[in-house]
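The values are calculated or read from the model by the stated rules, or taken from the named source; none is laboratory data. These numbers were taken from a predicted model, which means no experiment stands behind them.
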Amino acid sequence: MISFEGFTLLILFFILAPIIEAIALLFLFIFEKRIDLLENRNVKIELEKELQQALYNQLNQQIQPHFLFNTLNVILSLARLNRTRELVRALEVLSQFLKFKYKSTEPLISLQREIDYTEQYLEIQKLRFGSRLSIQLDCADDLLSACIPPFVLQTLVENAFKHGLERKMGEALLKIRISSEDEEVRLEVIDNGSSGMEDLSHEAPPTEEPQLEKSGHGLDNIRRRLHLCFGDHAQLSLSPIEEGGTQVLVVWPFVLCDPYESEVRG
């Protein structure tokens, strides 16, 4: 026969058991909801990464038809003049230029690779301008392994030609200076082109910085890619030079690239 104490414990068990089970189910429900929330958050983060990567790749693949038209005109002129050696070299450089342009999907590359790529572009411009084009490039060796978004330097150089040097009579001068200060990389592209700043800024409100391109290329393209890579730690500014020409300055954090990054060579 069951004792009074045993009977009391049995009653308490039957009373408390459903409560304990309900509490356990509640904790299980909360735990499952938290897992679902974390999974949804991870999915959202992955989707945002994929969208950013897609946007970045789209920005990378943009190319100005202006450059292609001018390059094709150079190639056509060389063909008409039977300058075979220069014609072959122009085609080789254009092929390498486009190959890198459409194969590179990395968010960051070394300055060395960016300079190599830009020099391919400059080699084509040298065929156009001949001896009246002077180019000065100054970059310390210890900065060649610093990271930079692809096509930043090349785009600035391309805009210097399009909006300044192509309208310049006489000697065309392009200066590229790359230095470091306070753990930041400073890239300056300076040209002595004529009327570039006026043409760039005549439609812009006085309080806004003029844009090199109105259709998403140029400075706006660079700003967006710098923001995707470095957030608010990167900046870009453009200013006229008193004696004539334009200076563009880009500043971003000094980050070393992987020394074993894959090469995209022609």
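Note on the range 185-201: among residues that are modelled with pLDDT under 90 and of a type outside the set (S, T, N, Q), the one that is nearest to the chain's Cα centre (by Cα) is 200. Candidates 76, 127, 72, 153: the one that is at pLDDT 90 or above and of a type outside the set (Ser, Thr, Tyr) is 153.
If you check 114, 86 for being closer than 30 Å to residue 231 by Cα and of a type in the set (Asp, Glu), only one passes: 114.
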